[in-house]
1. Can you list the residues, at least 5 places off or on another chain, whose amide H is less than 5 Å from the amide H of Ala97, using H built in the peptide plane?
2. In percent, how large is the relative contact order of region 112-158, given Cα pairs closer than 8 Å and 6 or more residues apart?
3. Along region 62-71, what does the Karplus equation 6.51 cos²θ - 1.76 cosθ + 1.60 (θ = phi - 60°) give for ³J(HN,Hα), rounded to whole Hz, x for Gly and Pro?
4. Karplus couplings for region 149-158 from phi (6.51 cos²θ - 1.76 cosθ + 1.60, θ = phi - 60°), rounded to Hz, Gly and Pro as x?
5. Considering the zone a paramagnetic label at Gln96 would reach in this model (a point 7 Å from Cα along the Cα-to-Cβ line), which residues of region 136-164 have amide N under 11 Å from it?
6. With a sphere of radius 12 Å drawn around the Cβ of Lys67, what net charge do the other residues whose Cβ falls strictly inside it have (Lys, Arg +1; Asp, Glu -1)?
7. Highest first, please rank the peptides 75-84, 43-52, 154-163, 141-150 by the mean number of other Cβ atoms sitting within 10 Å of their residues.
8. Could you pull out the trypsin sites (Lys or Arg not before Pro) across region 93-164 that fall in loop regions by DSSP (anything but H, G, I, E, B) with no more than 13 other Cβ atoms inside 10 Å?
Amino acid sequence: YPPALRSTERIMQTGRRRMRSIPQAAVARTRRNKPRGHAAGFTLLEMLVVIMIILILAGMAAGRYEKSVLRAKEATLKQDLFVMRQAIQQYTLDKQAAPTSLDDLVQAKYLGGIPTDPITRAKNWHLDFENVLLTPEQTSSGVTDVHSTSDAISPFENTAYSTW
């Protein structure tokens, strides 16, 4: 041994091979285990399995997304109908006459504007006109209720939107 070697290095080299640091040992081990001539990467089968899993998860997410959008539309429809019905009642009680259209509610500031039906995406609402008087002081009849014009059926409640 060269005289420059310290005693600890002589001990390490006698009878054992010289110890490497851990990262170098791990790198050397992985290099030895790789087959020669093959590039590192994924096989076609592995890629197909991953793509199929991604497609299945995307399909499940799309179905849930569509249902949540429909639930949000239904909740908006219910809220809009409630607000318009409240405005019709309040207008009738305040003015002692029922409104003749939804425009009367907007002009009298009972509604900020006629809401868009979230199901049909239009501002056309089915109005019910009846000769019902809410109070003895009421002078004329007019709009008493409002409904959606959509004939579609709710998949969650199994009723037509026009009956809400």
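Only the coordinates and a few stated rules stand behind these numbers; no lab work does. What you see is a predicted model, and the numbers here were worked out from it, not measured in a lab. Quick reminder, even Gly has a Cβ in these numbers, built from the backbone with ideal geometry, and neighbours come from all protein chains shown.
1. Thr139
2. Details: 47 pairs, mean separation 15.9, N = 47.
Rounded, it is 34 percent for region 112-158.
3. Using θ = phi - 60°, the values come out as 5, x, 5, 5, 4, 5, 5, 5, 5, 4 Hz.
4. Listing the rounded values in order: 8, 6, 9, 5, 10, 5, x, 8, 10, 6 Hz.
5. Residues 136-140 qualify, since their backbone N sits under 11 Å from the label point.
6. Numbers: positive: Arg64, Arg71, Lys73; negative: Glu66, Glu74.
Here the charged neighbours net out to +1.
7. Details: 75-84: 15.9, 43-52: 9.8, 154-163: 12.8, 141-150: 18.5.
Ranked by mean Cβ neighbours within 10 Å, highest first: 141-150, 75-84, 154-163, 43-52.
8. Details: sites: Lys95, Lys109, Arg121, Lys123; in loops: Lys109, Arg121, Lys123.
Those satisfying the criteria are Lys109, Arg121, Lys123.
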